[in-house]
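What follows is calculated from the coordinates using simple rules that are stated; it is not laboratory data. Predicted model only: the values in this text are computed from it and were never measured. Here Cβ is always computed from backbone atoms with ideal geometry, including for glycine, and neighbour counts include all displayed protein chains.
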Amino acid sequence: MAYIQQHLKEYLELHGYWILFVGTFLEGEAILIMAGFLAFGGYLHITGVIFTAFAGSFLGDQFYFYLGRFKGKGLLRRFHSIARKFREALRLIEKYGALVAFISRYTYGFRIVLPIILGITTLPARTFLWINLISALSWAIVFSLAGYLFGKSASLFLDDVGKYEHYLMLTLLGVIMTIWLAHLYHAWKLKKPARERLARMRALKALRGNKT
């Protein structure tokens, strides 16, 4: 076990921050929570985790915003997943205005889509930049500390946390997966009426086609 821990530490020292940067550039809650826990274990430094997550998250949303600004209409035509979420995202923007730029990375299923759609709107790029800075920093702190404090809490009940480190890591992964699956189930349930309407429309269309 000591050999594995040493090997993991050496690997993370070389590649951990780059993996975290790429993960937070794309989505990143799960990988950031895990990075926070690894920082508690001494594999990474919590300050480095927060800074890397902030940089990845901030630059990711800036990229998606400008992708929407310059290529947004083409993306709507090409990618149905973005087009499907477009109306719902517009409703959020109408309701919350520029605040959507702050909450976009906290919204499940809209993490990438909202900055793209904000880029398509008339929101000034400078306004988005400042909101994105504050949002990325708060997000990096909240989720990295969630993982770190998970390890800290475990140390209050376990004499030697290092002995149970792999069990704690599996437990944390299990919690993250449970939350993720709960989100998927909730999204599936919300879309159920729409799927049933579509099925009825297709059945009706097929019935009319058979009659002719």
Legend entry - Cβ-defined net charge surrounding Q62, 13 Å radius [Lys, Arg +1; Asp, Glu -1]: +2
Inset, instruction - Highest first, please rank the peptides 35-44, 83-92, 122-131 by the mean number of other Cβ atoms sitting within 10 Å of their residues. - result: 35-44, 83-92, 122-131
Inset, instruction - Please label the shape of the stretch 77-119 as rounded, prolate or oblate, based on the square roots a ≥ b ≥ c of the eigenvalues of the alpha-carbon gyration tensor (a/c under 1.5 means rounded; beyond that, a/b larger than b/c means prolate, else oblate). - result: prolate
Legend entry - Gyration tensor verdict on the stretch 48-138 (Cα atoms; rounded if a/c is under 1.5, prolate if a/b is larger than b/c, oblate otherwise): prolate
Legend entry - Charged-residue dipole, Cβ positions (Lys, Arg, Asp, Glu), the stretch 53-134 about Cα centre, Debye nearest 20: 340
Legend entry - Dipole-positive endmost among L90, F102, A30 within the stretch 21-143 (Cβ charges, Cα centre): L90
Inset, instruction - Quick one: net charge around L26, please, counting Lys, Arg +1 and Asp, Glu -1 for every other residue with C-beta under 14 Å from its C-beta. - result: -1
Inset, instruction - Compute the FRET efficiency between I19 and L137 as 1/(1 + (r/R0)^6), taking r as their Cβ-Cβ distance and R0 = 22 Å, and round to the nearest 0.05. - result: 0.60
Legend entry - Y66 versus Y96: modelled label distance in nm, points set 7 Å from Cα along the beta carbon direction: 2.5
